[in-house]
1. Quick check for you: with a 1.4 Å probe and neighbouring chains kept, what is the accessible area per residue of the chain, in Å²?
2. What does the charge add up to near LEU75, with Lys and Arg as +1, Asp and Glu as -1, over the other residues with Cβ less than 12 Å from its Cβ?
3. Run the accessible area of the chain with a 1.4 Å probe and give the carbon-and-sulfur part as a rounded percent.
4. Hey, what does the equivalent ellipsoid look like for the chain, semi-axes from the Cα gyration tensor as sqrt of 5 times each eigenvalue, largest first, whole Å?
5. Rounded, prolate or oblate for segment 333-378? Axes are the square roots of the Cα gyration tensor eigenvalues, ordered a ≥ b ≥ c, and the cut-off for rounded is a/c under 1.5.
6. Taking θ = phi - 60°, what integer Hz values does the Karplus form 6.51 cos²θ - 1.76 cosθ + 1.60 yield along segment 351-361, in sequence order, with x for Gly and Pro?
7. With charges only on Cβ, +1 for K and R and -1 for D and E, what is the dipole size of segment 93-185 about its Cα centre, in debye, rounded to 20?
8. Could you compute the net charge surrounding PHE182? Neighbours are other residues with a C-beta less than 14 Å from the C-beta of PHE182; K and R count +1, D and E count -1.
Amino acid sequence: MITARRSATRPAHQGLIPIARPQLGPEEEAAVLEVMRSGVLTQGERTRAFEQGFATAMGAKYGVATCNGSVALYLALLAHGIGPGDEVITSPLTFIATANAIAHTGALPVFADVDDTLNLDCSAAARLIGPRTKAIVLVHLHGNPGDVESFKDLTEERGLSLIQDACQAVGATVDGRPLGAFGTAVYSFYATKNITTGEGGMVIANDARVAQTCARLRHQAYADQPYVHDGIGYNFRMTEIQAAIGLVQVGRLAEITERRRQVAAYYDSNVSKWYRRPRVAPGHGHVYHQYTLRVPAGWSRDEVRVQLQQRGVGTGVYYPLPVHLQPPYLSPRNAPCPVAETAARDMVSVPVHPALSENDRLEVAAALNGFTAATLWS
Ligand SMILES: *Cc1c(COP(=O)(O)O)cnc(C)c1O
């Protein structure tokens, strides 16, 4: 039965339980003040410390901080030699930035379907490998790691580069190993991501040449002497203010991830099993950037969202239109991706961030279960 119940601790004027909320506190505030008072606003020791600290936490040797995750992915592709005439296989069920980074190199994004984890299906990707294929970009959607071990084998066997779009998967692991152990990965520190610097990103790599190329291109392709440039570079630098926030956030990553996992575990056991969950492969350490449910066939995903909204629960759909169906990427060459297309119609994400109170998560579960009961009894 649905009743328009509102919790005593969340009066109407407080609005929705938001789908995302940055975790920033007094330590981040102090770190920002310190930078402002130091007079060193960019290219300083905090950026270097953040790069080192974050890369180490993600299981890689090198880190190159950038002004956002989109350009981090673009630099990583360039550093792996991707350019005009090449094809790069990726998932259609991702933020459009993944495909845009590929397109900006001059390469063609080729979309293979996802599996029931909602990540790129390794055999579907293998079938699309052709003479122009140079790389695979594996997106770890919603913080649920894709099958990076199979992709590592596949790309090594076929002589391709593997680049991980781990923008949503800060801290995720496979068999206890952080994603950086499997090769080049890029992260985003956008405001809604698991840790944030407002805007920001990083390439992490174990290959020194990949890291050096990214660092060089980020900073106008400086050669060894001042104002001598040996290529056409960019300004994709991160500020010291961002890096100072990032350093504090990395220190809190374990705690932030643990809290997300606790909320997810609560939903796993307390939200109706009528909603299917994307599969989490054995040994895969999901970091719940999003907690995603699949609305049963025949039910309306949009009606679920409306009902939750009325009960004060914000929701999101990541993503409602797969990239191979987005106007800039429509092409007769695109094969259908039925699994991604179905997921785009039936998935919905509910709040899972660390700022949720116990009462909030109870409200979220009650709203979802209320919808199930009303639908089943109608
Ligand atoms: C956020 C995100 C990006 C882009 O990161 P920005 O920091 O917003 O540029 C790329 N890919 C995925 C999967 C993302 O979620």
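1. Here the per-residue accessible area is 43 Å².
2. Around LEU75, the surrounding residues sum to +3.
3. About 55 percent, which is the carbon plus sulfur part of the accessible surface.
4. Working through the eigenvalues yields semi-axes of 35, 27, 16 Å.
5. Note, shape of segment 333-378 comes out oblate.
6. x, 9, 6, x, 7, 5, 7, 4, 5, 4, 5
7. Dipole about the Cα centre, nearest 20: 400 debye.
8. -4
The values are calculated or read from the model by the stated rules, or taken from the named source; none is laboratory data. The shown structure was predicted, so the numbers you read here are calculated from the model rather than taken from an experiment. Cβ atoms come from the backbone with ideal geometry, glycine included; neighbour counts cover every protein chain shown. Surface accessibility is based on the protein's heavy atoms, side chains included, excluding ligands, DNA and RNA. Shrake-Rupley method; radii C 1.70, N 1.55, O 1.52, S 1.80 Å.
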